[in-house]
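The block underneath contains the structure these notes are about, expressed in structure tokens.
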Amino acid sequence: MMSENPDVHCEGNTLQLKIALTGNEMTKRPKINILLCDTFPGLLPPEIPSYASMFREMFRSVDDSIEFEVFPVMAGVLPKKLEKNELYLVTGSNSSAYDNDPWILGLKQWIRDASSLHSKLVGICFGHQIIAQALGGEVQRYTGGWGIGIRESVISDEIMHFYFPNGRLRLLYNHHDQVTVLPPGAIAIAHSDFCQYEGFRIGHDILTFQGHPEFTPEYELNLIKNHAKDEDEHVKSAAVKSIKQRCHQGRMVTQFILHFFNLTKASPTSPSDPEL
């Protein structure tokens with residue numbers, strides 16, 4: 001079945017994957033494969049054409065040479081080959097990592113296969129959670145409520161200090177679930193009072209963030225105003241205040257991701273955030 005969207009790869013729908021690690025050392029342009037775990041129907045404002053476009057904008061703000069391919073994971077479509085010089089990004093979702101939907105179970109197995117082959121994986125929000133769960137960690141609904149707005153966390157991994165020299169990370173968030181136990185071999189990269197594991201890495205193959213570097217303040221404000229009627233008013237008010245008072249460091253996280261995986265030739269730049 002062919003997709004109407006030219007950058008969505010729709011070959012096959014089997015969950016039984018035969019994954020072979022291959023590579024092309026001569027690849028000139030970096031490539032990011034977006035494992036799309038939701039399309040958020042009805043949530044995106046008119047100026048955002050798709051959820052996948054938010055990731056394209058995010059990475060192209062740092063390196064406009066990057067190529068992309070999108071895999072609609074909820075339809076059971078996953079990469080069948082893993083290229084060692086490409087990045088595989090697992091996106092956010094309204095689903096939970098502990099759900100038993102067939103596409104979630106298939107994604108977990110794919111993550112285990114990819115990890116065993118030392119493929120480059122990055123997880124964002126739900127992606128962070130399902131990578132943890134697939135590899136032996138635990139994810140639960142957080143009893144402390146909705147994580148929304150810009151939250152500051154403390155860097156706990158020295159590898160991030162060039163990009164965040166004051167030891168703090170600020171990102172936009174939107175989540176109810178949290179990783180409560182890291183998978184074996186994982187190193188926490190940041191923590192906060194609200195969330196013990198704001199992200200983790202496993203060697204130089206896997207990197208995850210609970211926050212949303214692809215979000216913009218404008219998008220999050222729209223989400224709070226128009227799509228959160230059942231949420232606590234105090235939480236929403238505090239979130240709006242945080243967005244107006246703090247700087248979202250999504251672009252700095254994007255730089256970090258690309259350099260962590262050696263996917264860009266662009267020179268890393270030191271932060272110019274006035275809060276640093």
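The values are calculated or read from the model by the stated rules, or taken from the named source; none is laboratory data. Values in this document were obtained by computation on a predicted structure and should not be read as measured data. Quick reminder, even Gly has a Cβ in these numbers, built from the backbone with ideal geometry, and neighbours come from all protein chains shown. Accessible surface is based on the protein model in full, side chains and every heavy atom, while ligands, DNA and RNA are left aside. Shrake-Rupley method; radii C 1.70, N 1.55, O 1.52, S 1.80 Å.
Of the residues making up the range 85-93, none is in contact with a Phe, Trp or Tyr (Cβ under 6 Å, 6 or more places away or on another chain), open to solvent by 30 Å² or more (accessible area, probe 1.4 Å) and not polar (S, T, N, Q). How many residues does the range 120-175 contain that are basic (Lys, Arg) and under 16 Å from Thr254 (Cβ atoms)? Qualifying residue count for the region: 2. For the range 203-227, the set of residues classified as within 23 Å of Ala52 (Cα to Cα) and open to solvent by 30 Å² or more (accessible area, probe 1.4 Å) consists of Asp205, Thr216, Pro217, Glu218, Leu221, Asn222, Lys225, Asn226, His227, listed by residue number. Residues of the range 203-218 that are assigned to a helix (DSSP H, G or I) and touching a strand residue (DSSP E or B) at 6+ places or on another chain (Cβ under 8 Å): Pro217 alone. The set of residues in the range 182-202 being surrounded by 21 or more Cβ atoms within 10 Å (Cβ to Cβ), outside any strand (DSSP E or B) and touching a Lys or Arg at 6+ places or on another chain (Cβ under 9 Å) consists of Ala186, Cys195, Glu198. Residues that are polar (S, T, N, Q) and assigned to a helix (DSSP H, G or I) were ranked within the range 116-152; the one that is nearest to the chain's Cα centre (by Cα) is Gln129. Within the range 256-266, the residues that satisfy the criterion of being open to solvent by less than 10 Å² (accessible area, probe 1.4 Å) and either without any contact (Cβ under 8 Å) to a residue 60 or more places away in the chain or within 14 Å of the chain's Cα centre (by Cα) (or both) are Phe256, Ile257, Leu258. Beta carbons closer than 6 Å, at least 6 apart along the sequence or on distinct chains, pair a first residue in the range 105-118 that is farther than 16 Å from Gln129 by Cα and open to solvent by 10 Å² or more (accessible area, probe 1.4 Å) with a second that is hydrophobic (A, V, I, L, M, F, W, C) and modelled with pLDDT of 95 or more for Leu117/Leu82.
Taking the numbered list (1) outside any helix (DSSP H, G or I); (2) touching a strand residue (DSSP E or B) at 6+ places or on another chain (Cβ under 9 Å); (3) over 30 Å from Pro30 (Cα atoms) in turn, Lys229 passes all entries but (2). Of the residues making up the range 225-256, those that are under 21 Å from Asp177 (Cβ atoms), of a type in the set (A, V, I, L, M) and out of contact with any Asp or Glu (no Cβ under 8 Å at 6 or more places or on another chain) are Ala228, Val235, Ala238, Val253. Summed over the range 119-148, residues that are hydrophobic (A, V, I, L, M, F, W, C) and open to solvent by 30 Å² or more (accessible area, probe 1.4 Å) total 1. Taking the conditions (1) within 30 Å of Val181 (Cβ to Cβ); (2) modelled with pLDDT under 95 in turn, Tyr88 satisfies each one other than (2).
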